[in-house]
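Every number here is computed from the coordinates shown, using simple stated rules; none is lab data. None of the values given here were measured: they were computed from a predicted structure. Glycine also receives a Cβ, built like all others from the backbone with ideal geometry; neighbour counts cover every protein chain displayed.
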Amino acid sequence: MELIRDVLNFISTGLGGLVSTLLPYGFIGLVGLYLLWLVLGYLRVSQVGVRAEATTLPALQLPRAPDGVIDVPRGVAYCPNDGLRYPGHARFCTQCEADLLVSCANCGATIRAADESCYRCGTHDTLAPASD
């Protein structure tokens with residue numbers, strides 16, 4: 001009985017003091033890690049933006065049919081609003097900031113240029129190989 005009483009007394013007095021001392025340090029450490037995560041995430045995103053703006057993407061005007069519809073070959077990233085053709089690594093239009101579209105090189109389905117694969121046929125090769 002004495003042993004149980006001594007253990008309970010240590011937990012209520014000695015361990016309580018230890019927890020009350022270490023708990024604020026643990027909280028400060030977690031807040032510090034969270035702030036570090038936010039800062040590193042911001043720096044990573046801002047560096048990506050700097051590299052993206054350093055090079056301008058050449059955009060070529062696509063031909064239009066007599067009825068005004070854009071004539072787009074398969075596997076080419078293009079802006080549906082402006083009718084501009086972009087290289088394969090582009091994801092957004094530099095003029096209107098709209099998502100670029102691609103007609104799948106395999107089946108011809110219209111998908112976003114940022115999509116990993118075609119929703120209709122499942123191919124990952126949605127862009128046509130670059131021709132010189």
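Using Cα pairs closer than 8 Å and at least 6 residues apart in sequence, work out the relative contact order for region 83-128, in percent.
Details: 60 pairs, mean separation 13.2, N = 46.
Value for region 83-128: 29 percent.
Using amide H atoms built in the peptide plane, which far-off residues or other-chain residues are under 5 Å from T110 H to H?
Excluding prolines and chain starts, which carry no amide H, the hits are C104.
What residue among T110, T94, T13 has the largest mean-square fluctuation in a Gaussian network model of the chain, using Cα springs under 10 Å?
Comparing T110, T94, T13 in the GNM, the peak value goes to T13.
Once you place label points 7 Å from the Cα toward the Cβ at V39 and E116, how far apart are they in nm?
3.3
At a 10 angstrom cut-off on C-beta neighbours, averaged per residue, how do the peptides 61-69, 118-126 rank from highest to lowest? Each step should come with its number before you reach the end.
Values: 61-69: 8.9, 118-126: 14.2.
Per-residue mean Cβ counts within 10 Å order the peptides as 118-126, 61-69.
Assigning unit charges at the beta carbon (Lys, Arg +1; Asp, Glu -1) and nothing else, what dipole magnitude in debye, to the nearest 20, does the chain show about its Cα centre? The partial results should precede the final answer.
Details: 9 positive and 12 negative charges, 11 e Å.
Roughly 60 debye for the chain.
Please work out how much length the chain gains when fully extended from L18 to D6, using 0.36 nm per residue of separation minus the C-alpha to C-alpha distance, in nm with one decimal. Present the calculation step by step, with values, prior to reporting the outcome.
Values: separation 12, 0.36 × 12 = 4.32 nm, distance 1.69 nm.
Once the chain is fully extended between L18 and D6, it gains 2.6 nm.
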